[in-house]
Amino acid sequence: MSAKTSKQHQLLLLSMAVALALTACKREDAAPTDTKPAAAALTLDERKLPPVGRFVIGDLDTTKNACSDFGGYVNGKWLAANEIPGDRTSWGAFSMLDERSTAVQRQLAEQAAADANADGVKKIVGDLWSTGMDEARINAQGIAPIKDRLAAIDALADGNAVADYLRTSFAKGEGFLFNFGADPDFKNSSMNIGSAFQGGLGLPDKNYYFDADKQDKLAAYEAHIAKVLELSGVAAEDAAGQAKDVIAFETRLAKVSKSEEELSRDVSLYYNPVSPTEADKLAPNFPWTKFFESQGVAIPTMFSLAIPAFHQEVSTMLADVPVEQWKSYLRFHTVDGASPYLSDAFVQQNYEFYGKTLFGQKEIKQRWKRVLDTIEGKTGEALGQMYVQVAFPAESKARMQQLVQNLRDALKVRIENLAWMSADTKAKALEKWASFTPKIGYPDKWRDWTGLSTSRDSYIENVLAANEFNYKWKLGKIGNPVDKTEWLLSPQTVNAYYDPQKNEIVFPAAILQPPFFDPNADDAINYGGIGAVIGHEMIHGYDDQGSRFGPTGNFENWWSDADAKGFKERTDRLVKQFNSYRATPELNVNGKLTLGENIADLGGVATAYDALQRASKDQADPMIDGLSRNQRFFINWATVWRTKLTPESLKVLVATNPHAPPNFRAVAPPSNMPNFAAAFSCRPGDPMVRQGEHQVVLW
């Protein structure tokens with residue numbers, strides 16, 4: 001199994017994504033090729049699903065003033081009445097929908113496992129579910145399924161042998177130290193190239209190895225390493241020494257790694273085109289020509305070796321780090337990566353550190369939820385083909401298509417009316433607007449899982465088979481055109497994203513439920529929910545990093561110098577605004593780290609508000625529950641972000657996440673909008689009213 005690697009590579013693939021999602025209904029054509037009985041049809045029992053978290057009038061705390069404490073007014077009562085479930089680190093609109101999606105997935109996985117005639121994606125899901133739920137067999141197997149890997153590590157004699165082992169592990173989809181796969185070329189977004197990126201750290205960010213306020217987590221991580229090594233068969237005293245070696249090893253990697261803040265605010269760090277010969281000179285102890293050969297990939301004329309100083313250091317470490325220290329690092333990460341799929345002792349230790357210590361999770365998830373997490377992570381789109389057959393009505397997709405078009409129209413008008421942007425840059429912005437591609441619900445073309453062989457014999461063997469299959473699938477993209485039909489999220493994921501290299505906005509099926517989207521609700525609720533999400537994803541094309549990509553998805557500068565300077569002046573004010581928010585008495589929000597998402601929130605809410613006004617033009621205000629249309633719009637935006645977090649998870653979020661804490665996302669965009677002040681009759685000086693230099697207007 002591989003070491004835990006930087007999540008920023010995934011963020012590039014989801015490229016400036018926000019947490020939101022949607023789905024649609026499509027059925028596979030069944031064309032039996034033999035006389036095998038047909039698989040049973042999938043069904044869904046709605047009675048077994050948890051409720052959704054739609055806004056109701058009783059949620060409002062009318063003892064609070066919307067103009068001074070909008071978050072408390074909308075969400076205070078709900079937050080006081082709801083606790084974080086023991087197996088979660090946060091609870092709110094997103095997690096409630098995730099619980100619902102998970103409950104749907106459980107029914108589907110159980111049906112797949114019980115179907116003796118299942119084939120295709122249904123067999124894959126059924127095999128993973130059946131073996132994952134077989135706790136007795138997993139416990140009986142213990143660490144045996146990975147003993148061959150540990151033996152291979154024990155046999156390593158020197159740095160050359162370590163380099164060979166790294167290449168061999170990558171070829172099996174179990175890469176250590178760095179990420180490698182296929183990504184669109186920044187300069188030619190229609191073609192995929194090989195792409196290598198930093199990794200190798202077990203903690204969420206490089207700063208965990210150096211910052212004084214994170215030393216308790218570093219010490220806990222060291223203790224975790226020692227415990228995992230003990231579980232793998234290393235004597236306690238030796239395990240403690242090896243744990244120190246692993247910390248020293250990772251600290252050295254951390255020194256040459258980029259932080260989450262650096263990566264989130266400079267997307268160019270992801271791209272460093274080099275020839276294999278140039279890469280060999282940079283990293284002579286880990287020649288990239290040999291790496292490509294070992295992966296079965298034709299040696300390219302160019303690939304991206306991002307964060308070159310990191311790869312240079314890995315090469316140096318192959319020469320000067322003692323082989324025993326390498327073996328400690330590889331042994332720990334092999335066992336640690338496999339722990340979720342091994343016997344109970346490994347699973348529990350994995351939870352104790354990554355769940356409880358890092359994020360404050362009070363109890364481990366039930367096995368069935370953990371198995372579904374595995375299915376989602378390894379074969380998510382296979383399960384997605386089943387999910388959309390039962391969980392996404394066609395009328396929801398039609399309604400969403402209309403909402404997307406209305407948001408597009410509103411955004412065009414906003415761009416056309418920008419007072420701070422010149423005509424030439426505005427024309428480029430509109431060219432990019434015209435080329436936006438929306439995707440709703442589920443892919444038009446499902447991924448082909450032919451060649452992935454699973455069985456009812458071993459959970460971890462199924463996981464390892466999926467790892468290798470997925471890795472080789474990614475390698476197969478190198479040197480080939482980008483498939484624009486592919487999705488980066490499965491339909492059952494409660495999320496949404498913008499991909500700058502495809503210039504597309506994507507809304508998986510699972511997010512198209514209350515409070516985001518409700519086909520039975522009034523327009524104000526839907527525009528304040530999914531409408532603002534749609535706007536958010538569109539604005540990501542114009543945030544501080546998305547705006548560095550042109551209409552075709554190429555990395556290019558389409559801004560005049562004066563407009564770029566004016567944009568920077570405005571975004572600097574937004575950074576300052578968020579820097580002033582206190583997540584805890586000791587911890588402020590990082591306005592620079594969260595800038596892209598804050599730009600998208602501000603522009604997304606403003607665009608959705610305009611779209612609502614256009615959609616309701618000449619219509620009488622329905623005044624539902626005594627609230628005006630515009631009040632309900634802003635109220636549902638805040639409802640979307642009602643979330644409780646454990647203190648530990650809040651600290652990790654502030655340190656590493658490009659999204660600000662949810663309570664600030666609820667109030668920040670409305671506080672910059674005069675429309676909010678008008679809707680709630682706020683006055684100058686009220687906390688929710690920003691004026692002059694304190695008010696930020698971007699898109």
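Readers should treat all values here as calculations from the given coordinates under stated rules, not as data from a laboratory. For clarity, every value in this text was computed on a predicted model and none was experimentally measured. Note: ideal-geometry Cβ built from the backbone for every residue, glycine included; neighbour counts use all protein chains shown.
Going by C-beta contacts inside 10 Å, put D686, D448, D183 in order with the fewest on the left. Mind dumping the intermediate values first?
Numbers: D686 17, D448 10, D183 26.
Exposure proxy ranking, most exposed first: D448, D686, D183.
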Notebook entry, point to check: Direction-averaged shadow area of the convex hull around the Cα atoms of the chain, nm²?
Noted result: 30.3
Note to self: Once you place label points 7 Å from the Cα toward the Cβ at T485 and H694, how far apart are they in nm?
What the structure shows: 5.4
Item checked: Cα Rg, Dmax, region 129-243, angstrom units -> 18.6, 54
Next item on the list: Take the Cβ-Cβ distance between S275 and T552 as r, set R0 to 25 Å, and report the resulting FRET efficiency rounded to the nearest 0.05.
Entry: 0.50
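Which of the helices in the chain meet the span-like rule: DSSP H, Cα axial reach of 15 Å or more, Kyte-Doolittle mean at least -0.5?
Working: long enough: 70-81 (18 Å, 0.30); 93-114 (32 Å, -0.23); 120-133 (20 Å, 0.26); 159-171 (18 Å, 0.12); 215-231 (24 Å, 0.06); 236-255 (29 Å, -0.24); 308-320 (18 Å, -0.04); 323-338 (22 Å, -0.59); 367-391 (25 Å, -0.36); 394-416 (34 Å, -0.65); 423-434 (16 Å, -0.77); 459-475 (24 Å, -0.36); 561-579 (27 Å, -1.35); 595-615 (30 Å, 0.19); 629-640 (17 Å, -0.42).
For the chain, where a helix must reach 15 Å along its axis and average at least -0.5, the hits are 70-81, 93-114, 120-133, 159-171, 215-231, 236-255, 308-320, 367-391, 459-475, 595-615, 629-640.
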Check: Roughly what would the spin-label model give for Q405 and D444, points 7 Å off Cα along C-beta, in nm?
Finding: 1.6
Check: What percent antiparallel are the DSSP beta bridges of the chain, to the nearest 5?
Finding: 75
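Using 0.36 nm per residue, how much length does the chain from D87 to A219 gain when fully extended, once their Cα-Cα distance is taken away? Show your work: numbers first, answer last.
On the way: separation 132, 0.36 × 132 = 47.52 nm, distance 2.40 nm.
Answer, rounded to one decimal: 45.1 nm.
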Next item on the list: For D621 paired with R570, estimate the spin-label separation in nm (one decimal), with each label point 7 Å from Cα along the Cα-to-Cβ line.
Entry: 2.8
Margin query: If the reach is capped at under 17 angstrom between alpha carbons, list the aspartates and glutamates near K258, excluding any in the same chain fewer than eight residues apart.
Written below: D205, D211, E250, D266, E313
Next item on the list: Name all residues of region 298-314 having a backbone nitrogen under 20 Å from the label point set 7 Å from the Cα of M191 along its Cα→Cβ direction, giving them as ranges.
Entry: 298-306
Note to self: To make sure I understand the rule: partners must be lysines, Cα under 19 Å from the Cα of K227, and not fewer than 8 residues away in the same chain. Which ones qualify?
What the structure shows: K4, K147, K217, K244, K327, K356
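For the residues M400, M421, what sequence is obtained by ranking on other C-beta atoms within 10 Å, fewest first?
M421, M400
Tell me what the chain gives for mean residue ellipticity at 222 nm when only DSSP H runs of n ≥ 4 count, each as -39,500 (n - 2.57), the sum divided by the residue total, rounded to 500 deg cm²/dmol. Walk me through the intermediate numbers first.
Working: 27 runs with 342 residues, N = 699.
Mean residue ellipticity, 222 nm, calculated: -15500 deg cm²/dmol.
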Notebook entry, point to check: On alpha-carbon atoms, Rg over Rh for region 310-452 using Kirkwood Rh?
Noted result: 1.16
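Could you list, in their original order, any pairs among K365/K484; K77/K568; K432/K651; K64/K617; K123/K472 whose Cα atoms are separated by more than 27 Å?
Numbers: K365/K484 36 Å; K77/K568 39 Å; K432/K651 37 Å; K64/K617 31 Å; K123/K472 21 Å.
Cα-Cα > 27 Å for K365/K484; K77/K568; K432/K651; K64/K617; rest within.
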Check: Just from the alpha-carbon atoms, what are the Rg and Dmax of region 143-341 in angstroms?
Finding: 17.2, 54
Check: Going 7 Å from the Cα of S435 toward and past its Cβ, which residues in region 463-506 have a backbone nitrogen under 18 Å from where you end up?
Finding: 481-486, 498-506
Check: For E324, E261, E468, what ranking results if the residue with the fewest other Cβ atoms within 10 Å of its Cβ goes first?
Finding: E324, E468, E261
